[in-house]
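Structure first, then comments.
The values are calculated or read from the model by the stated rules, or taken from the named source; none is laboratory data. In this text, all values refer to a predicted model and were calculated from it rather than measured experimentally. Every residue, glycine as well, gets a Cβ built from its backbone with ideal geometry; the counts of neighbours run over all protein chains shown. What goes into the accessible areas is simple: the full protein's heavy atoms, side chains included, and nothing from ligands, DNA or RNA. Shrake-Rupley method; radii C 1.70, N 1.55, O 1.52, S 1.80 Å.
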Amino acid sequence: MKPTSRTVRIAVTRTFADRDHPVHPDEYEILDRDEIAEVLAAWPPAEPHDGFECMCHGRGGVSLYEAGGERIRSVDPTGPLRPLFDSRDPAGLPSRHRARWVAAAPEGLREYAGACARGEDPGRRAEYR
């Protein structure tokens with residue numbers, strides 16, 4: 001069963017240490033309804049378990065939250081979720097977020113922000129003024 005549409009926020013803690021983007025945050029949230037729907041469409045089916053579900057979130061993953069702040073479910077971003085959360089995949093959610101960050105940067109810092117978003121060493125910010 002897919003999680004219901006009561007999801008209003010997705011919290012992400014990166015888990016692919018070997019493929020992390022150098023400037024993407026280790027923890028971030030997804031609040032955009034279309035992106036939430038995209039994640040839910042790729043969400044893996046629930047696996048049977050013994051009734052115990054660990055509520056810790058220390059090793060990374062993707063967690064769905066309802067409006068009241070209750071966690072609905074957490075998984076590691078594997079299978080169809082993996083490309084959505086791969087911070088180096090140009091089609092993934094992290095790349096889309098970085099593109100929005102670049103667009104929102106003040107004009108004088110946009111080139112610098114773009115270099116950071118591409119994972120390049122942008123040098124000193126003063127060089128971009």
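Between LEU40 and GLU107, the simple spin-label model (points 7 angstrom out along Cα→Cβ) gives 4.0 nm.
Residues in the range 65-119 average 53 Å² of solvent-accessible surface per residue, probe 1.4 Å, ligands and nucleic acids excluded.
The amide H of GLY92, built 1.01 Å from its N in the peptide plane, has no neighbour under 5 Å, considering only residues 5 or more places off or on other chains.
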